[in-house]
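Below is one structure; the comments refer to it alone.
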Amino acid sequence: SNRTRPFITFVLGGPGSGKGTQCEKIVETFGFTHLSAGDLLRKEISSNSENGSTILDIIKEGKIVPSEITVKLIQRAIQSSESYKFLIDGFPRSDENRIAFERVIGMEPEVVLFFDCPEEEMVKRVLSRNQGRVDDNIETIKKRLKVFAGSNLPVINYYSGKGKLRKIDAVGTVDEIFEKVHPIFAAYKG
Ligand code: UP5
Ligand code: MG
C-alpha cells in the first residue's frame, strides 16, 4: 500500500515529569496515537505473558527492560494501528534502546520532546499519584531518578545534537505547560 510514512515523536522526561499527562492533551488536540512504553510493559505483566514476571522484577527496581522486549511491543502497537502519527512516551530510555528501535523499526523520530522538571517536583508528583503502581514508592523513585540521569540523559543529548530536541520547562500547571507544547505540533499541522 502507499500508506504515509509514520510521523514519530519520542516523549522523554524523568519519572513524574508529566509525559503521560501532556500526551493526552496532544492526542485531544492533534490526533496522535499515544503509545506509553511503560503502559505496554504493565499490560504484559497483567496479561500473564511469558515475560511478565521478568518485567515486573525490573520495574520494581526502576531498571530498564531489555530492548528486545520493549521494541517488540512498540512494533506490534504501531503495526496494529491505523494511525500514522505516534507519540512514543517514555522510550527510548538508553542509547541501547534507541539503537534497537532504529534497527528494528528502521525509522527515526521527527521530533523529541523533553519535559525538563526538577527532581523534587517529580518526586512530589509521583508520590501523590496514588494509582497503585509498584514503582511509586520513595525507594524505587530514587532508583528511577538515577537511571534517568545515567541512561536517558545521553539519549536526550544525542537528539539535541541532531537538532530534534524540543526542551520544555515542565514546571507550572498542566495548561501552562501545554501552551509551550502546542506550537511545536501546530508547526507540523497540514
Ligand atoms: N501531574 C502531571 N502534570 C502536572 C503538573 N503540571 N502539575 C502538577 N501535577 C502534575 O504525571 C505524574 C503525576 O503528576 C500524575 O499524578 C499527574 O496527574 C501529575 P504523569 O503525566 O503520569 O508523568 P509521567 O512523566 O508520565 O510519569 P511516569 O511515572 O509515568 O514516568 P516514568 O518514566 O517513571 O514511568 P513509565 O511508565 O514510563 O516507566 C515505568 C518503568 O517501566 C520504568 O521505570 C522502567 O522500569 C520501565 N520501562 C522500561 O524499562 N522501558 C521503557 O521503554 C519504558 C518503561
Ligand atoms: Mg507515564
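Among the conditions (1) surrounded by 20 or more Cβ atoms within 10 Å (Cβ to Cβ); (2) touching a Ser or Thr at 6+ places or on another chain (Cβ under 9 Å); (3) over 18 Å from P154 (Cβ atoms), I69 misses just one, which is (1). In segment 111-172, counting only helices (runs of 4 or more DSSP H) that sit wholly within it, the ones holding 3 or more residues that are within 12 Å of ligand 1 (Cβ to nearest atom) span 119-127, 138-147. If you take the residues in segment 19-42 that are of a type in the set (V, I, T) and surrounded by fewer than 22 Cβ atoms within 10 Å (Cβ to Cβ), which one is nearest to ligand 2 (Cβ to nearest atom)? The selected residue is T21. Inspect segment 2-18 for any residue being within 15 Å of ligand 2 (Cβ to nearest atom), over 20 Å from Y159 (Cβ atoms) and part of a helix (DSSP H, G or I) and give the result as yes or no. Among the residues of segment 2-18, not one is within 15 Å of ligand 2 (Cβ to nearest atom), over 20 Å from Y159 (Cβ atoms) and part of a helix (DSSP H, G or I), which makes the answer no. Considered as a group, the residues in segment 16-39 that are under 23 Å from R76 (Cβ atoms) and over 11 Å from the mean Cα position of the chain (by Cα) include one that is nearest to ligand 1 (Cβ to nearest atom), and that residue is E24.
For segment 56-109, a residue qualifies if it is basic (K, R), more than 11 Å from ligand 1 (Cβ to nearest atom) and farther than 21 Å from Q22 by Cα, and the qualifying residues are K72, R76, R103. Does at least one position in segment 43-53 carry a residue that is assigned to a loop (DSSP other than H, G, I, E, B), crowded, with 17+ Cβ neighbours inside 10 Å, more than 16 Å from ligand 2 (Cβ to nearest atom) and touching a residue at least 12 places away in the same chain (Cβ under 8 Å)? So far as segment 43-53 goes, yes, one or more of its residues are assigned to a loop (DSSP other than H, G, I, E, B), crowded, with 17+ Cβ neighbours inside 10 Å, more than 16 Å from ligand 2 (Cβ to nearest atom) and touching a residue at least 12 places away in the same chain (Cβ under 8 Å).
None of the figures in this text is laboratory data; all of them are computed from the coordinates on show. Please read all numbers here as calculations on a predicted model, not as lab measurements. In this analysis, Cβ positions are derived from the backbone assuming ideal geometry, glycine residues included, and neighbour counts consider all displayed protein chains.
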